[in-house]
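Below is one structure, written out as structure tokens, with a few remarks after it.
The values are calculated or read from the model by the stated rules, or taken from the named source; none is laboratory data. This is a predicted model, so every value here is computed, not measured. Neighbour counts are summed over all protein chains in view; Cβ atoms, including those assigned to glycine, are modelled from backbone coordinates with ideal geometry.
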């Protein structure tokens with residue numbers, strides 16, 4: 001793999017890892033080059049929170065303000081992007097994923113690889129997300145900060161005309177523009193790029209109406225997949241409701257279709273799902289190679305109400321879906337896997353082989369014994385015939401001697 005491809009893969013990995021940032025505390029405590037401080041408006045529901053949690057009205061237009069401080073002795077530029085909350089592959093809320101940035105990274109990656117390319121058209125919001133946060137907020141994409149200076153960053157929120165229940169969740173991500181430092185390693189120059197980033201959550205609502213969680217399993221999106229370099233299967237789960245699920249417990253079991261014998265099981269607790277989002281729940285195949293065939297997945301998924309939430313949020317779902325792994329898919333995923341265990345022979349196969357060996361030996365002994373007995377019987381008959389011939393010859397000689405003696409007497 002050449003260096004350009006490695007570069008874009010690293011960028012994709014950085015975007016994915018960044019999704020694990022929660023609604024963070026003070027950036028300065030993490031040693032960042034800048035810090036932020038939200039200015040909570042009157043309609044902030046909980047002023048003890050570091051993020052924006054606002055109750056709004058239809059068509060309302062409101063300005064939000066965040067103070068950004070440059071903690072360095074040099075001028076810096078801080079870039080800003082408004083993002084919709086999604087659920088990443090680990091079942092963690094991601095406030096950093098940006099649709100435009102993700103598409104741009106995919107396009108650049110495709111330009112630098114001759115292998116399998118990313119389908120840019122498949123990079124999109126969940127089908128149930130009709131009002132993503134970026135469509136409601138307008139703001140500048142960057143702000144310049146002189147050394148040791150604090151300046152306000154302003155955003156304008158415009159609520160949709162039609163009233164809605166539930167929440168619109170997302171965040172604004174502040175990133176210090178890259179600075180490049182040249183270092184020399186052996187004979188090759190290496191560029192080290194440092195990025196400081198901070199995600200600030202934004203939660204908008206209009207009513208206090210409780211929205212009950214919903215969950216779907218998308219059968220068409222169950223497929224063989226590579227999970228952290230291991231063979232596995234991913235099952236797509238969707239939360240089409242405008243509500244946050246904060247404590248999911250997922251239990252899944254995979255069977256060969258038509259069999260009741262468990263093939264692979266997976267249990268994960270404490271997962272979260274953003275409103276109107278989906279993610280691919282991964283089931284690791286325990287380093288075993290995938291086999292082409294028909295399978296069934298059974299799932300029991302529970303959402304638990306926590307932190308004083310209404311007990312109506314306690315929900316349970318059961319799913320059962322069939323899916324197929326093709327030979328082409330199995331070969332592809334097996335080829336991508338690391339530390340793949342070689343196929344092993346089951347203990348019962350050794351027993352069968354041993355029994356077959358004993359059976360063959362017994363049959364050989366029986367055949368040999370029969371052959372020996374037959375030879376012995378033939379030999380016995382031959383000896384008996386020989387004795388009879390000898391006896392008959394003796395009798396003839398004796399009779400001949402008697403006749404000769406009688407003739408001499410006469």
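In this entry, residue 281 passes the filter for residues that are within 25 Å of residue 97 (Cβ to Cβ) and either out of contact with any helix residue (DSSP H, G or I) (no Cβ under 7 Å at 6 or more places or on another chain) or outside the structural domain of residue 168 (by TED's automatic domain parsing) (or both).
Among the residues of the stretch 240-252, just one is surrounded by fewer than 17 Cβ atoms within 10 Å (Cβ to Cβ) and more than 30 Å from residue 206 (Cα to Cα), namely 251. Of the set (1) more than 22 Å from residue 327 (Cα to Cα); (2) buried (at least 16 other Cβ atoms within 10 Å of the Cβ), all apply to residue 216 but (2). Residues in the stretch 108-126 that are surrounded by 12 or more Cβ atoms within 10 Å (Cβ to Cβ), free of Cβ contacts under 8 Å to residues at least 40 places away in the same chain and assigned to a helix (DSSP H, G or I): 110, 120. Does residue 184 count as exposed (fewer than 12 other Cβ atoms within 10 Å of the Cβ), assigned to a loop (DSSP other than H, G, I, E, B), outside the structural domain of residue 242 (by TED's automatic domain parsing) and modelled with pLDDT under 90? It is false that residue 184 is exposed (fewer than 12 other Cβ atoms within 10 Å of the Cβ), assigned to a loop (DSSP other than H, G, I, E, B), outside the structural domain of residue 242 (by TED's automatic domain parsing) and modelled with pLDDT under 90. Of the residues examined, residue 164 is one that is modelled with pLDDT of 95 or more, surrounded by 17 or more Cβ atoms within 10 Å (Cβ to Cβ), not assigned by TED's automatic domain parsing to the domain that holds residue 310 and not in a strand (DSSP E or B). Being over 37 Å from the mean Cα position of the chain (by Cα), touching a residue at least 60 places away in the same chain (Cβ under 8 Å) and surrounded by 16 or more Cβ atoms within 10 Å (Cβ to Cβ) is a condition met by at least one residue of the stretch 48-59.
Residue by residue, here is whether (1) more than 53 Å from the chain's Cα centre (by Cα); (2) in the same structural domain as residue 284 (by TED's automatic domain parsing); (3) modelled with pLDDT under 75; (4) surrounded by fewer than 10 Cβ atoms within 10 Å (Cβ to Cβ) holds:
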residue: 352; (1), (2), (3), (4): no, no, no, no
residue: 362; (1), (2), (3), (4): no, no, no, no
residue: 366; (1), (2), (3), (4): yes, no, no, no
residue: 369; (1), (2), (3), (4): yes, no, no, no
residue: 382; (1), (2), (3), (4): yes, no, no, no
residue: 395; (1), (2), (3), (4): yes, no, yes, no
residue: 406; (1), (2), (3), (4): yes, no, yes, yes
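Remark: residue 237 falls outside the filter, which requires a residue to be surrounded by 17 or more Cβ atoms within 10 Å (Cβ to Cβ) and touching a helix residue (DSSP H, G or I) at 6+ places or on another chain (Cβ under 6 Å). Of everything listed in (1) farther than 28 Å from residue 271 by Cβ; (2) at pLDDT 85 or above; (3) not in a helix (DSSP H, G or I), the single unmet condition for residue 320 is (1). If you go through the stretch 56-106 and pick out every residue that is closer than 24 Å to residue 46 by Cβ and touching a helix residue (DSSP H, G or I) at 6+ places or on another chain (Cβ under 6 Å), you end up with 3. Among the residues of the stretch 127-156, those that are assigned to a strand (DSSP E or B) and within 36 Å of the chain's Cα centre (by Cα) comprise 137, 138, 139, 142. Within the stretch 197-206, is even one residue farther than 30 Å from residue 163 by Cβ and assigned by TED's automatic domain parsing to the domain that holds residue 54? Yes, the stretch 197-206 has at least one match. Strands (runs of 3 or more DSSP E) fully within the stretch 193-306 that include at least 2 residues being farther than 30 Å from residue 142 by Cα: 216-227, 230-239, 245-256, 262-273, 277-284, 293-303. Against the numbered list (1) touching a residue at least 40 places away in the same chain (Cβ under 8 Å); (2) surrounded by fewer than 10 Cβ atoms within 10 Å (Cβ to Cβ), residue 311 comes up short only at (1).
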